[in-house]
Amino acid sequence: MRVLAIGAHPDDVEILCGGTMAKYALRGDDVSIMIATNGNVGSASLTKDEIAEVRRKEAEASAAIIGAELIWMGYDDEFLFHDRATRTAFINAIRRAAPDVMFVHGVNDYHPDHRICGEIAVDCRIPVTVPLIVTEYPALPRIPHVFIMDNLGGIGFEPEHYVDITDVYDIKCRMIRSHESQDEWLQYQYGMDYVSFVSKSSAVRGMAIGVQHAEAFRSLPMYPVVGGPSLLP
């Protein structure tokens with residue numbers, strides 16, 4: 001199976017579905033991680049170009065841990081907008097990954113980049129199959145099933161499906177720790193310990209199904225329904 005996780009920022013996928021991506025990869029599925037923005041305002045000391053390059057290298061290192069392909073879009077952090085050019089670029093990137101299933105942000109998450117990224121991805125799920133929408137990569141043969149990732153901190157999110165990630169939790173943490181610059185930024189901006197925050201979130205979701213750590217999802221409630229929870233690892 002081919003799996004694509006679409007995150008607004010270089011560490012979003014790791015936080016919200018890194019364990020699930022690790023489980024897919026370990027069972028032999030083809031995993032891609034698509035990152036919309038370059039994280040170029042996430043530093044108190046580096047220039048925009050410098051931190052963008054740092055964050056790209058960190059994203060590459062994280063993806064390499066599970067052998068995932070990284071698709072780097074490079075839009076400016078905090079300024080992702082849903083226009084024709086951006087939607088076309090998303091269509092092309094999704095076609096490149098050719099997924100059977102996609103993981104996307106929810107449209108009620110706290111960050112505008114998260115919300116817009118999820119909106120664009122959902123709005124591209126049918127156009128990626130339309131041959132007369134021409135991009136570098138060809139139209140896909142079928143509409144991918146879409147899972148909506150948890151909101152950051154679980155706020156405003158009602159899970160339908162859970163994935164037990166206890167056995168791959170260490171891998172998820174290794175992926176997160178690849179993003180050293182973001183750890184520094186979150187300490188500076190919010191006084192937040194990166195891994196501790198993620199651990200609490202996955203532990204709360206784990207309690208719901210009686211395991212140590214879990215990640216939570218919803219299936220996209222829109223026509224056409226092309227899959228379901230059996231597609232989760």
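Select from region 174-226 the residues that are of a type in the set (Val, Ile, Thr) and assigned to a helix (DSSP H, G or I) and list them in ascending order. Steps first, answer last, please.
Step one: of region 174-226, the residues of a type in the set (Val, Ile, Thr) are 176, 195, 198, 204, 209, 211, 225-226.
The answer is Ile176, Val195, Val198, Val204, Ile209.
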Identity of the residue in region 77-95, of a type in the set (D, E, K, R) and touching a residue at least 24 places away in the same chain (Cβ under 8 Å), that ends up farthest from Arg2 (Cα to Cα): Glu78
Return the pair list, or none, for Cβ contacts closer than 6 Å from residues in region 184-204 that are touching a residue at least 60 places away in the same chain (Cβ under 8 Å) to residues that are hydrophobic (A, V, I, L, M, F, W, C) and exposed (fewer than 12 other Cβ atoms within 10 Å of the Cβ), at least 6 apart or on different chains. Tyr188/Ala44
Under the condition of being over 17 Å from the mean Cα position of the chain (by Cα) and polar (S, T, N, Q), which residue from region 42-85 is surrounded by the most Cβ atoms within 10 Å (Cβ to Cβ)? Ser43
The correct count of residues that are surrounded by fewer than 21 Cβ atoms within 10 Å (Cβ to Cβ) and in contact (Cβ under 8 Å) with a residue 60 or more places away in the chain in region 146-166 is 6
Looking at (1) assigned to a helix (DSSP H, G or I); (2) aromatic (Phe, Trp, Tyr); (3) open to solvent by 40 Å² or more (accessible area, probe 1.4 Å); (4) at pLDDT 95 or above, which is the only condition Tyr137 fails? (1)
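The values are calculated or read from the model by the stated rules, or taken from the named source; none is laboratory data. Keep in mind it's a predicted model, so treat the numbers as computed, not measured. Cβ sites come from the backbone with ideal geometry, for glycine too, and all protein chains shown count toward neighbours. For accessibility, only protein heavy atoms count, side chains too; no ligands or nucleic acids. Shrake-Rupley method; radii C 1.70, N 1.55, O 1.52, S 1.80 Å.
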